[in-house]
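Working notes for the structure below.
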Amino acid sequence: MSRLSIELNPEQHKKIKTLATLNGISIRNFVLSKIFADEEKEQNIKNGLSAIQDIKPVLSDEAAERLEKELTANRRKINKRFAKTRKLT
């Protein structure tokens, strides 16, 4: 396992610690959840698309189409965020 250290001013550290505490998790888990939130959303969208395929026979065509469009739109938003993040690094 690798270790990562970053320098924070006292105000930043206090804010992160407070947010982690309010969420009932460690600072480590809080930071990781924020870093990998987009990946989790992308996986949820993939799972959602798969689930739509499973239930499509019982949905009306209109309902299935509406769900697919919404999930596809969300995927595009997440991909744009990933692209922006990659440009920053």
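The values are calculated or read from the model by the stated rules, or taken from the named source; none is laboratory data. Everything numeric in this text was worked out from a predicted model, so none of it was measured. Positions of Cβ are generated from backbone atoms using ideal geometry, with glycine treated the same way; all protein chains shown enter the neighbour counts.
Tell me yes or no: at least one residue of region 1-13 is among the hydroxyl-bearing types (Ser, Thr, Tyr), outside any helix (DSSP H, G or I) and modelled with pLDDT under 85. Within region 1-13, none of the residues are among the hydroxyl-bearing types (Ser, Thr, Tyr), outside any helix (DSSP H, G or I) and modelled with pLDDT under 85. When residues of region 22-52 are filtered for being touching a helix residue (DSSP H, G or I) at 6+ places or on another chain (Cβ under 9 Å), among the small types (Gly, Ala, Ser) and outside any helix (DSSP H, G or I), how many remain? Of the residues in region 22-52, 1 are touching a helix residue (DSSP H, G or I) at 6+ places or on another chain (Cβ under 9 Å), among the small types (Gly, Ala, Ser) and outside any helix (DSSP H, G or I).
LEU19 meets the conditions (1) at pLDDT 90 or above; (2) out of contact with any helix residue (DSSP H, G or I) (no Cβ under 9 Å at 6 or more places or on another chain); (3) not aromatic (Phe, Trp, Tyr) in every case but one. The failed one is (2).
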